[in-house]
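The structure appears right after this line, and notes come after that.
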2 protein chains.
Amino acid sequence: MAKKKPVEADVSTEEKIKEAARKVFTQKGFAATRTRDIAEEAGLNLALLNYYFRSKQALFEIVMMEKLQQLFGNLYPILDEEITTLERKVEMVVHAYIELLSANPDLPLFVLSEIRADPERFGQRIQAGKILRDSYFIKQLRERRPDMHPIQFVMSIMGMTLFPFIGRPVLQAIGSLSAKEYQALMEERKTLIPKWIGAILKVK
Amino acid sequence: MAKKKPVEADVSTEEKIKEAARKVFTQKGFAATRTRDIAEEAGLNLALLNYYFRSKQALFEIVMMEKLQQLFGNLYPILDEEITTLERKVEMVVHAYIELLSANPDLPLFVLSEIRADPERFGQRIQAGKILRDSYFIKQLRERRPDMHPIQFVMSIMGMTLFPFIGRPVLQAIGSLSAKEYQALMEERKTLIPKWIGAILKVK
DNA sequence: GAAATTTTTAATCATTTGATTAAAATATTT
DNA sequence: AAATATTTTAATCAAATGATTAAAAATTTC
């Protein structure tokens with residue numbers, strides 16, 4: 001028969017729903033997302049959402065955990081390398097983030113908004129706290145600049161790297177930049193930010 | 001009579017609603033805010049909200065315009081001063097922002113989230129684009145570093161300044177900092193960021 | 001102080017929205 | 001191929017939510 005294996009059926013219904021949920025939740029946030037939006041985006045019947053995932057909340061939970069992992073999960077392996085230099089780590093982290101966020105520009109605003117909506121729930125679920133605090137990266141920062149709180153540098157690295165994606169509509173308007181021009185600036189920042197962090201680490 | 005002028009009546013009902021709306025909208029965003037939340041926060045009957053402001057959307061509009069002004073409106077007067085040096089402007093802007101955000105920590109995440117929800121509507125409503133682009137600040141940046149796109153510096157200044165408030169739950173967890181300690185770091189950043197931007201402007 | 005106006009309230013409406021259900025369609029097992 | 005299990009659908013439910021209304025209360029005007 002011709003229709004034995006539907007061409008698109010290689011992606012399971014469950015995965016279609018998750019993929020649609022990733023897209024819609026990330027774009028609009030939990031509160032502004034209607035389960036019907038997700039069903040429509042997936043091209044599926046609304047009831048399937050509850051059939052496979054029980055509730056909007058449960059589906060969101062899954063997506064949110066993925067996104068937390070995506071945004072923070074790859075950080076620790078880089079930052080806790082023992083032999084890699086501080087400078088090299090900054091290069092790697094900044095590069096990795098700009099690559100990631102260029103492909104997922106809504107990620108940081110989504111994650112940080114949802115964390116704000118329920119700080120204790122998600123704030124705790126980031127073990128990143130203890131894990132990062134005891135990392136070699138923090139140790140290296142302390143050695144290099146014992147006079148400064150290491151978080152001051154973390155704030156600046158993350159700020160310089162993430163903010164262009166968080167505030168993109170505003171920044172793009174200020175600069176009257178096309179999407180292509182904006183992306184070019186992001187590429188440039190891959191080397192710019194490490195250089196600047198280097199300068200910051202030196203200055204007293 | 002004892003109850004001729006109710007003690008709290010010096011604040012009009014209309015203003016009570018606006019104040020409650022500011023608080024709830026800023027904390028939870030438009031979509032997650034129910035008009036009942038606002039009425040309750042104001043200690044008033046739900047119907048008064050529509051009586052004074054017609055609709056949730058109309059009330060939101062008012063609050064949002066206020067918040068846009070609060071977040072971006074004070075920027076231009078500082079940045080377009082003709083005689084003030086670049087360095088001094090950075091000092092002033094960073095100081096003003098950290099003061100503002102220490103009192104209104106939810107402001108940037110709120111504004112940027114709502115802009116993302118409808119970029120063309122609010123993005124355009126920030127005349128900041130043209131206005132800032134032609135400011136003396138940008139001119140000074142161009143003169144100082146003709147080799148760099150001025151927006152690269154704007155991104156970094158705003159990132160370093162705003163991000164600690166946008167990502168506060170995460171950063172506070174990473175550093176296991178108390179509210180007081182966190183605020184102390186923000187105070188420190190008032191001088192730290194200008195110093196760092198100075199270093200960034202120099203480095204080639 | 002009576003009449004008119006404005007403000008406030010309680011009750012209710014209409015829509016939206018997350019979720020459920022029973023039946024139909026499809027796939028799997030025997 | 002019949003029986004069974006799984007997946008999908010259309011219809012519907014119940015609660016939440018933005019908004020309205022008519023009456024009551026308070027205030028202002030005359």
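The values are calculated or read from the model by the stated rules, or taken from the named source; none is laboratory data. What you see is a predicted model, and the numbers here were worked out from it, not measured in a lab. FYI the Cβ positions are ideal-geometry reconstructions off the backbone, even for glycines, and counts take in every protein chain you see. We work out accessible area using only protein heavy atoms, side chains counted, and drop any ligands, DNA or RNA first. Shrake-Rupley method; radii C 1.70, N 1.55, O 1.52, S 1.80 Å.
A single entry from B:Ser135, B:Ser156 fulfils the requirement of being at the interface with chain A (Cβ under 9 Å from one of its Cβ atoms), touching a residue at least 24 places away in the same chain (Cβ under 8 Å) and open to solvent by less than 60 Å² (accessible area, probe 1.4 Å): B:Ser156. In region A:31-47, the residues that are within 14 Å of chain B (Cβ to nearest Cβ) form Cβ pairs under 9 Å with partners that are more than 6 Å from DNA strand C (Cβ to nearest atom) and hydroxyl-bearing (Ser, Thr, Tyr), at six or more places apart or across chains, as follows: A:Ala31/B:Thr33. All conditions but one from (1) touching a Ser or Thr at 6+ places or on another chain (Cβ under 7 Å); (2) more than 7 Å from chain A (Cβ to nearest Cβ); (3) more than 17 Å from B:Thr85 (Cα to Cα) apply to B:Gly129; the one that does not is (2). When the residues of region A:100-122 are filtered to those that are touching a residue at least 24 places away in the same chain (Cβ under 8 Å) and among the charged types (D, E, K, R), the one that is nearest to A:Ile62 (Cα to Cα) is A:Glu114.
Residue-by-condition table, conditions (1) more than 18 Å from the chain's Cα centre (by Cα); (2) hydrophobic (A, V, I, L, M, F, W, C):
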{"site": "A:Leu141", "(1), (2)": "yes, yes"}
{"site": "A:Arg144", "(1), (2)": "yes, no"}
{"site": "A:Gln152", "(1), (2)": "yes, no"}
{"site": "A:Met160", "(1), (2)": "no, yes"}
{"site": "A:Pro164", "(1), (2)": "no, no"}
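Just one residue in the set A:Glu181, A:Glu188, A:Glu143 is surrounded by fewer than 17 Cβ atoms within 10 Å (Cβ to Cβ), charged (D, E, K, R) and either touching a residue at least 60 places away in the same chain (Cβ under 8 Å) or facing another protein chain (nearest Cβ under 8 Å) (or both); that residue is A:Glu188. Number of residues in region B:64-99 that are under 13 Å from the mean Cα position of the chain (by Cα) and closer than 27 Å to B:Ala117 by Cβ equals 16.
Applying the set (1) in contact (Cβ under 8 Å) with a residue 60 or more places away in the chain; (2) away from DNA strand D (no atom under 15 Å from the Cβ) to B:Ile83 leaves exactly one unmet item: (1). For A:Gly129, the stated conditions hold: it is in a helix (DSSP H, G or I), out of contact with any Phe, Trp or Tyr (no Cβ under 7 Å at 6 or more places or on another chain), open to solvent by less than 60 Å² (accessible area, probe 1.4 Å) and not hydrophobic (A, V, I, L, M, F, W, C).
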